Amino acid sequence: MKQNLFLNSLLTSGAILGVVMLCSHIFEQCAVVYGGTMTWFSIMGFEMLAAAALYVWMLYRFAKGYSLAVMDAQSGIKMFNYGRGLSYVVSVSTLSGVIVGLGRYILHSFVIGHQRYLTSMVTSVQTALSANPESSSLMSAYEPMLKQMMTQPEPGVFATIFSTVWSYMVWGMIVGLIVAAMVKREPNLFEDKTEE
């Protein structure tokens, strides 16, 4: 029963968070590839902040909902400890990373194309540098890096998914340290003694 509750909640929450974060990633990549202007970069910056806030809020809401479901399923002394909350948040974030990683690979390799993606990234860096007159002198310093970027081989599907999963797992651990403290529920040992 407890295992089914965990798996059902994990699959549902991880899938929802993964789809939301994948939509955010698609918007950011389209802003770079098809926008490529400082206006689009500004919009992308605000979107990234909003996506980060949404990521934290969704993990909190999912963890809180799971903790309440666990408490309802328990009989006797009801509790939801810190470790259980942390492991849940990390698991949800990791599963969402699998979805984002797979979507990221499909987007970069099949929809946009690897070479077009690299060209757009180089153009974006050049646009950002040229927008600031003081950094235009640094353009020559960035040239070797940009040339090296253009020769990067296309990453495989497993490398793309693994790097994304690793990133989401680390962020899940960082956010989970706070969220788990907010959703933990200790048993009220004095509940019966106060009632007369």
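The values are calculated or read from the model by the stated rules, or taken from the named source; none is laboratory data. Just so it is clear, the structure is predicted and the values come from calculations on it, not from any experiment. Please note: Cβ atoms are built from the backbone with ideal geometry, for glycine as well, and neighbour counts cover all protein chains shown.
Laid out as a table, the results:
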| read-out | value |
| --- | --- |
| Yes/no for ALA69 being surrounded by 12 or more Cβ atoms within 10 Å (Cβ to Cβ) and under 24 Å from THR12 (Cα atoms) | yes |
| Selected residue [in contact with a Gly (Cβ under 8 Å, 6 or more places away or on another chain) and either modelled with pLDDT under 80 or among the small types (Gly, Ala, Ser) (or both)] from ALA128, ALA141, ALA73, ALA63 | ALA63 |
| SER67 being out of contact with any Phe, Trp or Tyr (no Cβ under 7 Å at 6 or more places or on another chain) and small (Gly, Ala, Ser) | no |
| Check on LEU49, modelled with pLDDT of 90 or more, surrounded by fewer than 14 Cβ atoms within 10 Å (Cβ to Cβ), among the aliphatic types (A, V, I, L, M) and out of contact with any Pro (no Cβ under 8 Å at 6 or more places or on another chain) | yes |
| Test: residue in the range 73-94 that is among the aliphatic types (A, V, I, L, M), exposed (fewer than 14 other Cβ atoms within 10 Å of the Cβ), out of contact with any Phe, Trp or Tyr (no Cβ under 9 Å at 6 or more places or on another chain) and farther than 16 Å from GLU28 by Cβ | yes |
